[in-house]
Amino acid sequence: MIELTFKKDELLKALDYCSSCIEKKHPMVILTNILFSFKEKECTLNATNLEITVIAKVNLEEPVNEGKIAVPARSVHDICRLSRAEKIIFRYDESNNVLEVKADKSEYKVPCFDSADFPQISDTSEEYKPVDISKFISLYKKVQFSMCDYISAANKAYSGVLITKVKAEDGTDSVDMVTTDIHRLSVLKLKNFNIDIPAFEAGILIPGKNFAEITKIFSDCKEAEMAIEYTMSGSDSSEKLVPEKIFIKSGNVIFISRLFKNEFPKYGTVMNSYGVLAEKESAVVNRKELAEAIKRIVIILNSEDRIWTSKYYFKENVLKLTANSNSGSSSNDEIVMEQGFSSDKNIAIDAKYFLDVINVIDDQNVRIVLDSPNEKTSMPPMIIKEENDDYIYTHMVMPLRV
């Protein structure tokens, strides 16, 4: 009989970390389990769905001999989460592979799986480097909505987050975080930000759903450490090292995610094709007033309107908004802008896309760049800009043909 005694709060925190990669149903049933590996007074929890992996360490109250148990994740997590006990005690009977869990007056018996069937999980031998992960997490909201769902993405790159190291115009190091779903493009440039990992020179592409888990696990962290693991790719004559996995660790938790190998669109070329944004004039609109005006015109639209077609007419310091539904309903509204364009302009875009970006702008005002049709671009996009001491945020929305 093996007995493990945990402090409930410490165990629950480790289980919370692991829950990010536990699926209720998985073709490999063993992956619905968490592997507990223990020795002396340390226990390591391993969980994986083969896309992401979490390794979390927790202390034991008493030293034990080395061993492993594969425990059904959902059962042990619920027991710990709902328990009123300060300590959780595991008693594992190796002869019948049953785990007894005692939590104050509550007692449970949980059949376990063969720990030998659990995939081999290990840390990387690559060097970890410190990174201010808090900036990625706090600003992720600005790019999160501009990517495709993994299942619906024709190119998996469109369901990922590109992170790449670049040089700012003043020569300082910066990092771009980029997402796109073809119809829109979000570029967040972190100023005076350096990642001393070679893979970021060319850029790494993290699956968006995995990046969302990173923001949850490391939400309370200021700094973390990162490492990139590589694999060889290409023919014998042109083999090269390609980033395959990212490792992030802080405190007692390590998060591992596979990386996409799909080529990300050349976003810099797209942005540069519309000229130097800093030199273009902007219309300035109060963010709250603009959001409320859009919500008023889309009242007539519903789920049957797959695209929420809306039109925006900029004339002097007045912005007129209109919308039309498939059922024949229409609406219009207008607001006064803080600053208008020097000439009349108009554009049709999906109102849902417009609201998405307005909702993540931190400034009181929204700055809009909109070119008139020209020889290069018959239908120029709408570009939203935001800048402060920490970052430059640029969001591009492609127009609709109406």
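May I ask you to derive the relative contact order of the stretch 180-316, considering only C-alpha pairs under 8 Å and at least 6 residues apart, and to give it as an integer percent?
On the way: 91 pairs, mean separation 22.7, N = 137.
Once normalised by length, the contact order is 17 percent.
About the Cα centre of the chain, what is the dipole size in debye to 20, counting +1 per Lys and Arg Cβ and -1 per Asp and Glu Cβ, all else neutral?
Details: 51 positive and 62 negative charges, 207 e Å.
Once rounded to the nearest 20, the dipole reads 1000 debye.
State the answer as a single residue: which of 301, 231, 326 lies farthest towards the positive end of the charge dipole of the stretch 229-351, with beta carbon charges of +1 for Lys and Arg and -1 for Asp and Glu, about the Cα centre.
Value: 231.
Treating cross-link reach as a plain straight distance, find the aspartates and glutamates whose alpha-carbon is under 16 Å from the alpha-carbon of residue 280, omitting any fewer than eight places away in the same chain.
Cα-Cα hits under 16 Å: 344, 371, 386, 387.
Mind running the shape call on the stretch 209-289? Use the C-alpha gyration tensor, a ≥ b ≥ c as the square roots of the eigenvalues: rounded below 1.5 for a/c, prolate if a/b tops b/c, oblate otherwise.
On the way: a/c = 3.35, a/b = 1.30, b/c = 2.58.
It comes out oblate by the Cα gyration axes.
What whole-number distance in Å separates the alpha-carbon centres of the stretch 104-156 and the stretch 319-390?
For the stretch 104-156 versus the stretch 319-390, the Cα centre distance is 37 Å.
Between residue 116 and residue 138, what is the label-to-label distance in nm when each label sits 7 Å out along the Cα-to-Cβ direction?
5.1
Taking the Cα of residue 327, stepping 7 Å toward and past its beta carbon, and measuring to each backbone N in the stretch 284-301: which are under 12 Å?
So the set is 299-301.
Give me the one-decimal nm value for the distance between modelled label points at residue 89 and residue 223, 7 Å along each residue's Cα-to-Cβ direction.
Reported label-point gap for residue 89 and residue 223 is 4.2 nm.
Which whole-number percent of Cα pairs in the stretch 117-244 have a distance greater than 17 Å?
Looking at the stretch 117-244, the distances longer than 17 Å represent 64 percent of pairs.
For every other residue with a beta carbon closer than 10 angstrom to the beta carbon of residue 349, add +1 if it is Lys or Arg and -1 if Asp or Glu, then tell me the sum.
My count for the surroundings of residue 349 gives +2.
Taking the Cβ of residue 289 as the centre, find all other residues whose Cβ is under 12 Å away and add up their charges (Lys, Arg: +1; Asp, Glu: -1). Write down the numbers at each step before the final one.
On the way: positive: 287, 288, 295, 296; negative: 292, 333, 334, 338.
The answer is 0.
Along the Cα-to-Cβ line of residue 59, 7 Å from the Cα, sits a label point; which residues in the stretch 205-223 have backbone N less than 14 Å from it?
Those under the cut-off are none; the list is empty.
The numbers here are math on the coordinates, done by the rules we state, and not lab data. Since we're looking at a predicted model, the values are computed, not measured. Reconstructed Cβ throughout: ideal geometry from the backbone, glycine too, with neighbour counts over all protein chains shown.
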